[in-house]
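Quick note: the coordinates plus some simple rules give every number you see, no bench work behind them. Computed from a prediction, not measured in an experiment: that's the story for all the values here. Cβ coordinates were reconstructed from backbone atoms using ideal geometry, including for glycine residues, and neighbour counts include every protein chain displayed.
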Amino acid sequence: MIGRDREAEILRLHHAEKWRVGTIATQLDHHHSTVRRVLAQAGLDAGRVSVRPSMADLYVPFIVETLKQYPRLRASRLFEMVKARGYPGGSDHFRTVVARYRPRAPTEAYLRLRTLPGEQAQVDWGHFGKIRVGLALRVLWAFVMVLSWCRQIFLRFYLSAAMPSFVRGHVEAFDFFGGVPRVLLYDNLKSAVLERAGDAIRFHPTLLELSAHYHYLPRPVAPARGNQKGRVERAIRYIRDNFFAARTFTDLDDLNAQALTWTQGIAADRQCPEDRQRTVREVFAEERGKLLTLPDNPYPTEERVVVEVGKTPYVRFDLNDYSVPHRHVRRSLVVLATPTTVRILDPDQAQDVALCSHARSWDRDQQIEDPSHIEALVQHKRAGKQHRAIDRLHAAVPHSRAWLAAIAERGGNLGSATWGLSKLLETETADHVNAAVEESLARGTPHLGAVRHLLDRARKDRGQPPAVEPHLPADPRLEGLVVRPHALSTYDQLQRITDDEDAG
């Protein structure tokens, strides 16, 4: 590719100085095909550009007819077609010929779209890369809604662009604006438009419910007409450059808190494109009164999923397992989820009463448990106690799995090893035990004594006294028991009596 200055120089030399193509190519150090391409793009007649007959002239009618039927066909594919028909030339010159005869789409002019206050808002998703949450790599999406008249931006980041997040973005945007625009303009994304054939549009049923609840009109733009929602496209570009670039944040809540401060501050204080004498904040204050009134109750935004509970008391939801009461295994339950909580309901019971509630995890492959669920299961089925201890041990000491496998290979007692390692967690932190287990594996000494030795040595290095393991049985009668000390003089009396009897 050559720059615009070079193209202008080629055209000047050809028109003003009457130089031939070869002369221009030699003096400007360009290939002759490059010079011909520039002249052809300028609309120069092919007879004036070519100084001699071309071997492609015989194939020009075929090229013109093919491009008339397939105007976007690549020159490389057309070259293969004429090559099969006997064209003896190379591809470079042929590309110049194709560029000369390719039909050009007419330049389209666009009207500047204007709206009334409170009439329209534009909605779209923006992709902002990925963030890591524990073991999970989540896609970071920005839900953006822009009021078309005042250009006030609503910005909210989510870890999913699914329909629940799409609905939640609308509800939070309406609360942020303090009202509802009469028309919402969408791209043809699946959360808005399920199917489209010309003017026949099948909207997503959830979107229709949402629009009926807030009394606005959903309107998709025409296919391949991104200019019709240029306000939200420019807003997303503005967010990338002015807000997100080089920004640091600790988690999603921190990012959204910063986004709220930015939209209410810097973004609101910028110049309004519709009124250069005022800021977006001032124009928004005027438009707010033109928005539709919010309904008394917001649209429900909880994600609803029907899940199956297998043999273990857990439901699988969004890459993680959440515990349920053990009496509900082998059942179908309902999960109602928000970005922060997961509620689990029994469809056969009252819908306003949840079986249990958990904090939502955006990590993956985690077991989120209510201790009462596990305790009830253990009491109900004593045989599950040992398996539960091993599961807890694996969760607290990740290297214990390989450690136990090594003990099994040597014919060791897995039961005593599991019990002993669990007892060490009563006096040592899980990280210290895990480090000792890992070191014992590296040394080739996978047994409990080696782990105890490594823990004692680590405590000595840290300047801590040796750990004392409690050996009291799990008897509730021993709780709060106080042992009163006895006077040692009693033992002296016993010793004197013993000595007197031996002397007599």
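Looking at the stretch 120-288, what % of its DSSP beta bridges pair antiparallel, to the nearest 5?
Close to 75 percent.
Could the peptides 174-187, 242-255 be put in order, highest first, of the mean number of other beta-carbon atoms found within 10 Å of their residues?
My ranking of the peptides, most packed first, is 174-187, 242-255.
In whole Hz, with x marking every Gly and Pro, tabulate ³J(HN,Hα) for the stretch 323-337 from phi via Karplus 6.51 cos²θ - 1.76 cosθ + 1.60, θ = phi - 60°.
Once rounded to whole Hz, the list reads 6, 9, x, 5, 6, 9, 5, 6, 10, 9, 10, 10, 9, 10, 10.
Only Cα pairs under 8 Å and at least 6 apart count here; give the relative contact order of the chain as a rounded whole percent.
Taking the mean separation of contacting Cα pairs over the length of the chain, I get 9 percent.
Under the √(5λ) rule applied to the eigenvalues of the Cα gyration tensor, what semi-axes describe the equivalent ellipsoid of the chain? Give them in Å, descending.
Largest first, the chain gives 73, 36, 25 Å.
So what is the calculated 222 nm ellipticity per residue for the chain, using -39500 (n - 2.57) for each DSSP H run with n of 4 or more, over all residues, to the nearest 500 deg cm²/dmol?
-12500 deg cm²/dmol
Sorting TYR216, TYR238 on the 10 Å Cβ count, fewest up front, what's the list?
Sorted ascending by nearby Cβ count, the order is TYR238, TYR216.
Pop out the Kirkwood hydrodynamic radius of the stretch 303-378 from its pairwise C-alpha distances, inverse of mean 1/r, in Å to one decimal.
Evaluated on the stretch 303-378, it is 12.3 Å.
I need the P(r) histogram for the stretch 120-288: all alpha carbon pairs, bin width 10 Å from 0 out to the longest distance, whole percents.
10, 38, 36, 15, 1, 0
Once the Cα gyration tensor of the stretch 383-473 is diagonalised, what are the square roots of 5 times its eigenvalues, in whole Å and ordered largest first, as equivalent ellipsoid semi-axes?
The equivalent ellipsoid of the stretch 383-473 has semi-axes of 20, 16, 11 Å.
Along the Cα-to-Cβ line of ASP175, 7 Å from the Cα, sits a label point; which residues in the stretch 268-303 have backbone N less than 15 Å from it?
It comes to 294-303, nothing else.
At a 10 angstrom cut-off on C-beta neighbours, averaged per residue, how do the peptides 156-168, 202-214 rank from highest to lowest?
156-168, 202-214
I need the peptides 279-290, 114-125, 406-417 ranked by packing, meaning the mean over residues of other C-beta atoms within 10 angstrom, with the highest value on top.
Most protected by this proxy first, the peptides run 114-125, 279-290, 406-417.
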